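Visitor: Can you read through this structure? Questions will come right after.
The values are calculated or read from the model by the stated rules, or taken from the named source; none is laboratory data. Note that this is a predicted model, so its numbers are computed, not measured. In this analysis, Cβ positions are derived from the backbone assuming ideal geometry, glycine residues included, and neighbour counts consider all displayed protein chains.
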Amino acid sequence: MDGPAPPPNPYEAPRANVDAPAVEPDDRDELASRWRRLGGALIDGTLVGLTSLPRTLAFGGTIQCGVNIGQAAFRPDDLSDAGIVTTLLFIALVAVQSFFIATQGQSIGKRVAGARIVTMSGAKPTFLNAVVLRTWLPLIVPLLPLGSLLAVADVLFIFSRDKRCLHDRIAGTKVIEAVRPGHDFEPR
């Protein structure tokens with residue numbers, strides 16, 4: 001019969017349990033780099049810019065490249081034929097992007113750049129968080145008085161320590177690296 005276990009020796013070298021399974025590193029929580037997020041935003045912004053091509057060409061305008069932070073992505077007050085086509089293209093793009101974000105946590109740009117939107121716990125965000133608060137709200141803000149200032153502030157939050165824009169904070173989300181094939185959401 002064994003007696004009671006002796007008390008642990010405080011001077012004994014620590015022991016490792018080598019029979020325990022190794023813990024796989026979980027890179028789902030590795031925040032996406034600012035460069036990766038910028039790349040995704042540039043791709044998504046280019047797609048938005050392409051929706052305004054009918055209006056630009058109809059009015060004989062020149063095509064310009066630039067970043068328009070704080071300006072509305074579309075002009076709902078333009079009721080010309082080209083303006084209506086532009087608005088319909090914009091709405092179609094927003095619908096497609098919203099579908100991808102709601103189902104995969106990635107816009108087209110984020111997918112190409114290898115980033116994914118998740119909740120703070122790493123789970124798949126709800127439609128309200130990922131699409132309404134994180135995607136649609138930043139599209140509407142520039143239409144409001146002082147919305148341009150809010151839109152600029154939103155983007156500048158990317159330089160915070162946790163690399164979360166204002167829309168991430170409002171939606172309770174973060175953007176992580178998602179470059180592995182088959183990297184899907186798993187319950188936590």
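Visitor: Might you let me know whether segment 41-56 holds any residue that is under 23 Å from Phe127 (Cβ atoms), surrounded by 12 or more Cβ atoms within 10 Å (Cβ to Cβ), touching a strand residue (DSSP E or B) at 6+ places or on another chain (Cβ under 9 Å) and modelled with pLDDT of 75 or more?
Guide: No, there is no match, as no residue in segment 41-56 is under 23 Å from Phe127 (Cβ atoms), surrounded by 12 or more Cβ atoms within 10 Å (Cβ to Cβ), touching a strand residue (DSSP E or B) at 6+ places or on another chain (Cβ under 9 Å) and modelled with pLDDT of 75 or more.
Visitor: Let me ask another. Quick check on my filter: what residues within segment 139-153 are modelled with pLDDT of 85 or more and either under 21 Å from Arg36 (Cα atoms) or not in a helix (DSSP H, G or I) (or both)?
Guide: Those that are modelled with pLDDT of 85 or more and either under 21 Å from Arg36 (Cα atoms) or not in a helix (DSSP H, G or I) (or both): Val152, Ala153.
Visitor: Within segment 121-161, track down each residue that is surrounded by 15 or more Cβ atoms within 10 Å (Cβ to Cβ) and charged (D, E, K, R).
Guide: Matches in segment 121-161: Lys124, Arg134, Asp154.
Visitor: Further question on the same structure: What single numbered condition from (1) hydroxyl-bearing (Ser, Thr, Tyr); (2) modelled with pLDDT of 90 or more; (3) within 30 Å of Ala58 (Cα to Cα); (4) loosely packed, with under 14 Cβ neighbours inside 10 Å fails to hold for Thr103?
Guide: The single condition Thr103 does not satisfy is (3).
Visitor: Limited to segment 138-149, what total is found for residues that are touching a residue at least 24 places away in the same chain (Cβ under 8 Å) and more than 13 Å from the chain's Cα centre (by Cα)?
Guide: 6
Visitor: Taking into account only those residues within segment 1-34 that are modelled with pLDDT of 70 or more and within 30 Å of Arg164 (Cβ to Cβ), which is surrounded by the most Cβ atoms within 10 Å (Cβ to Cβ)?
Guide: Ala32
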